[in-house]
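Visitor: So that we are looking at the same thing, I have put the structure below in structure tokens.
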Amino acid sequence: MLFTLIFQGNLNVLQPVRGKERQYSCNECGESFNQHIILRAHQRIHSGEKPYCCDVCKKSFRKQSHLKTHQRIHSGKKPFCCDVCNKSFSQQSNMKNHQRIHSGEKPFCCDVCNKSFRKQSHLKTHKSIHSGKKPFCCDVCNKSFNQQSNLKNHQRIHSGEKPFCCDVCNKSFRKQSHLKTHKSIHSGKKPFCCDVCNKSFNQQSNLKNHQRIHSGEKPFCCDVCNKSFSQQSNLKTHQRIHSREKPYCCDVCNKSFSNQSSLKRDQITHTGEKPFFCNVCNKSFSQQSNLKTHQRIHSGEKPFCCVVCNKSFSWQSNLKKHQRIHSGEKPFCCDVCKKSFSDLSSLKKHQRIHSGEKPFCCDVCKKSLSHQSNH
């Protein structure tokens with residue numbers, strides 16, 4: 001089809017010859033539109049203009065439709081409802097993304113590795129793995145990120161900012177996703193169920209992580225030492241052993257840590273706080289993980305199973321210790337006589353032969369002993 005080119009100000013207007021609809025072309029990127037108003041909205045991407053302002057929080061937007069969507073945050077309106085679980089959303093696009101959780105649909109496919117994703121934004125994030133581009137750099141520790149949002153989340157580690165607050169208990173979080181996860185504690189909803197042991201979870205990602213206990217899958221591999229992990233977060237924490245990065249610093253003793261959980265454990269030593277209570281015996285713990293481990297004493301749960309002899313254990317550490325019976329591995333070595341042991345506690349007992357240490361005292365005759373079972 002032939003077009004006549006007409007110049008109108010800063011617009012290049014393409015006039016089709018036989019009375020067909022006009023096309024408006026952006027002089028910045030060349031993209032064409034069939035309506036003048038759509039071109040004007042598009043040009044705001046280049047100019048940065050945001051003429052539509054929220055009268056509640058003064059946040060500005062490029063499109064009037066974006067402002068209307070934003071205003072639902074203040075009004076609380078969620079007109080779009082999932083017909084499977086009745087969850088409501090302020091935007092139709094968010095509802096469509098959500099419905100793919102139920103349908104399992106993943107329409108966005110990576111053209112490099114064919115991995116599929118539920119959201120287009122997840123695909124874009126994934127593609128940076130292949131490109132290796134990390135254009136967003138932290139001005140504190142120089143760590144680089146492939147997304148600006150990841151950089152902002154990271155910078156809150158240094159600033160201590162926690163802008164996302166729970167409206168039930170006022171607990172604050174660094175990431176909005178952490179707040180969403182936390183809120184399920186109050187709602188009690190756990191819609192994702194393990195088909196092996198029937199344990200339920202409030203997030204599908206937590207279910208997937210849990211299922212790897214049963215399958216033994218460890219898809220996340222360290223590129224330095226080839227050690228594998230069932231969770232990506234565990235791999236990231238492990239990689240700091242090699243990089244020696246310790247981004248979490250205690251404001252009381254200035255000690256630095258490679259992971260946030262270690263920092264929290266340290267901070268509790270200063271406060272002496274034990275906020276996690278067993279609902280059976282009322283014993284309190286400084287960490288939720290220690291409480292969960294303790295509760296297996298009451299429940300008798302043994303989720304860690306040996307793949308060789310099928311013996312089960314309440315603690316993963318006991319499973320690892322047991323597996324050395326089959327492998328014959330003895331990684332703990334005495335630096336005096338070079339004798340090796342399968343567990344650290346056996347090595348420590350042995351080392352008292354050389355040191356002469358007798359830390360256990362009989363409360364009847366006051367005799368000192370090197371081992372608790374010697375008397």
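Visitor: Taking region 324-339, which residues are modelled with pLDDT of 90 or more, in a helix (DSSP H, G or I) and either surrounded by 13 or more Cβ atoms within 10 Å (Cβ to Cβ) or touching a His at 6+ places or on another chain (Cβ under 6 Å) (or both)?
Guide: Across region 324-339, there are no qualifying residues.
Visitor: I would also like to ask the following. Being of a type in the set (Lys, Arg) and within 24 Å of residue 211 (Cα to Cα) is the filter; apply it to region 169-193 and report the residue that is surrounded by the fewest Cβ atoms within 10 Å (Cβ to Cβ).
Guide: From region 169-193, those of a type in the set (Lys, Arg) are 171, 174-175, 180, 183, 189-190; that's our starting set.
Remaining after also requiring within 24 Å of residue 211 (Cα to Cα): 180, 183, 189-190.
Numbers: 180: 14, 183: 17, 189: 12, 190: 14.
The extreme case among them is 189.
Visitor: Another one. Considering every residue within region 313-322, establish whether at least one is in a loop (DSSP other than H, G, I, E, B) and of a type in the set (A, V, I, L, M).
Guide: Here is the first cut: in region 313-322, the ones in a loop (DSSP other than H, G, I, E, B) are 314-315.
Subset that is of a type in the set (A, V, I, L, M): none.
Checked against the condition, which is being in a loop (DSSP other than H, G, I, E, B) and of a type in the set (A, V, I, L, M), region 313-322 yields no hits at all.
Visitor: Quick check on residue 162: is it charged (D, E, K, R) and in a helix (DSSP H, G or I)? Write out each step before concluding.
Guide: On the way: charged (D, E, K, R): yes; in a helix (DSSP H, G or I): no.
Answer is no for this residue.
Visitor: Shifting gears a bit: I'd like the residue in region 112-140 that is within 27 Å of residue 159 (Cβ to Cβ) and among the small types (Gly, Ala, Ser) and, out of all such residues, is surrounded by the fewest Cβ atoms within 10 Å (Cβ to Cβ).
Guide: If we take residues in region 112-140 being within 27 Å of residue 159 (Cβ to Cβ) and among the small types (Gly, Ala, Ser), then 121 is surrounded by the fewest Cβ atoms within 10 Å (Cβ to Cβ).
Visitor: Can you find even one residue in region 84-107 that is acidic (Asp, Glu) and either surrounded by 11 or more Cβ atoms within 10 Å (Cβ to Cβ) or outside any loop (DSSP other than H, G, I, E, B) (or both)? Full working, then the answer.
Guide: Of the residues in region 84-107, the ones acidic (Asp, Glu) are 105.
Now narrow it down to the ones that are either surrounded by 11 or more Cβ atoms within 10 Å (Cβ to Cβ) or outside any loop (DSSP other than H, G, I, E, B) (or both): 105.
Looking for residues that are acidic (Asp, Glu) and either surrounded by 11 or more Cβ atoms within 10 Å (Cβ to Cβ) or outside any loop (DSSP other than H, G, I, E, B) (or both), one finds at least one in region 84-107, hence yes.
Visitor: Can you report the number of residues in region 241-265 which are touching a Lys or Arg at 6+ places or on another chain (Cβ under 6 Å) and not small (Gly, Ala, Ser)? Don't jump to the end; show me each part of the working.
Guide: Step one: of region 241-265, the residues touching a Lys or Arg at 6+ places or on another chain (Cβ under 6 Å) are 256-258.
Subsequent filtering for residues that are not small (Gly, Ala, Ser) retains 257.
Qualifying residue count for the region: 1.
Visitor: Still on this model: Within region 165-191, restricting attention to residues that are under 18 Å from residue 202 (Cα atoms) and charged (D, E, K, R), which residue is nearest to the chain's Cα centre (by Cα)?
Guide: Residue satisfying both the conditions and the ranking: 175.
Visitor: Can you tell me how many residues in region 116-138 are over 24 Å from residue 106 (Cα atoms) and either in a helix (DSSP H, G or I) or without any contact (Cβ under 8 Å) to a residue 12 or more places away in the chain (or both)? Before you say what the answer is, go through the steps one by one.
Guide: Within region 116-138, the first condition is being over 24 Å from residue 106 (Cα atoms), and the residues that meet it are 133-138.
Okay, now just the ones that are also either in a helix (DSSP H, G or I) or without any contact (Cβ under 8 Å) to a residue 12 or more places away in the chain (or both), so 135.
Final tally of qualifying residues: 1.
Residue-wise test of (1) over 28 Å from residue 159 (Cβ atoms); (2) in contact (Cβ under 8 Å) with a residue 40 or more places away in the chain; (3) touching a strand residue (DSSP E or B) at 6+ places or on another chain (Cβ under 8 Å); (4) of a type outside the set (Gly, Ala, Ser).
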| site | (1), (2), (3), (4) |
| --- | --- |
| 219 | yes, no, yes, yes |
| 232 | no, no, yes, yes |
| 244 | no, no, no, yes |
| 262 | no, no, yes, no |
| 266 | no, no, yes, yes |
| 274 | yes, no, yes, yes |
| 279 | yes, no, no, yes |
| 287 | no, no, yes, yes |
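Visitor: Looking for something closer than 22 Å to residue 264 by Cβ and loosely packed, with under 14 Cβ neighbours inside 10 Å - is there at least one such residue anywhere in region 212-227? Step through it out loud before you land on a result.
Guide: Within region 212-227, the first condition is being closer than 22 Å to residue 264 by Cβ, and the residues that meet it are none.
For region 212-227, residues closer than 22 Å to residue 264 by Cβ and loosely packed, with under 14 Cβ neighbours inside 10 Å: absent.
Visitor: OK, next. Name the pairs whose Cβ atoms lie under 6 Å apart, with the first residue in region 103-115 and in contact (Cβ under 8 Å) with a residue 40 or more places away in the chain and over 9 Å from residue 127 (Cα atoms), the second surrounded by 11 or more Cβ atoms within 10 Å (Cβ to Cβ) and of a type in the set (D, E, K, R), and 6 or more positions between them or separate chains?
Guide: none
Visitor: Which residue pairs have Cβ atoms closer than 6 Å, lie 6 or more positions apart in sequence or on different chains, and pair a first residue in region 294-317 that is in contact (Cβ under 8 Å) with a residue 40 or more places away in the chain with a second residue that is surrounded by 14 or more Cβ atoms within 10 Å (Cβ to Cβ) and in a strand (DSSP E or B)?
Guide: Every condition considered, the pairs that remain are 304/313.
Visitor: Scan region 354-372 for residues that are over 23 Å from residue 333 (Cβ atoms) and free of Cβ contacts under 8 Å to residues at least 12 places away in the same chain and report the count.
Guide: Result for region 354-372: 8.
Visitor: May I ask you to list the residues in region 277-305 that are surrounded by 14 or more Cβ atoms within 10 Å (Cβ to Cβ), in a loop (DSSP other than H, G, I, E, B) and hydrophobic (A, V, I, L, M, F, W, C)?
Guide: 278
Visitor: Can you work out which of the residues in region 194-206 that are out of contact with any strand residue (DSSP E or B) (no Cβ under 7 Å at 6 or more places or on another chain) and in a loop (DSSP other than H, G, I, E, B) is surrounded by the most Cβ atoms within 10 Å (Cβ to Cβ)?
Guide: 202
Visitor: Are any residues in region 257-276 crowded, with 16+ Cβ neighbours inside 10 Å and of a type in the set (A, V, I, L, M, F, W, C), and if so, which ones?
Guide: 257, 263, 276
The values are calculated or read from the model by the stated rules, or taken from the named source; none is laboratory data. Note that the structure is predicted; figures quoted are calculated from it, not measured. Glycine gets a Cβ as well: all are built from the backbone with ideal geometry, and neighbour counts include every protein chain shown.
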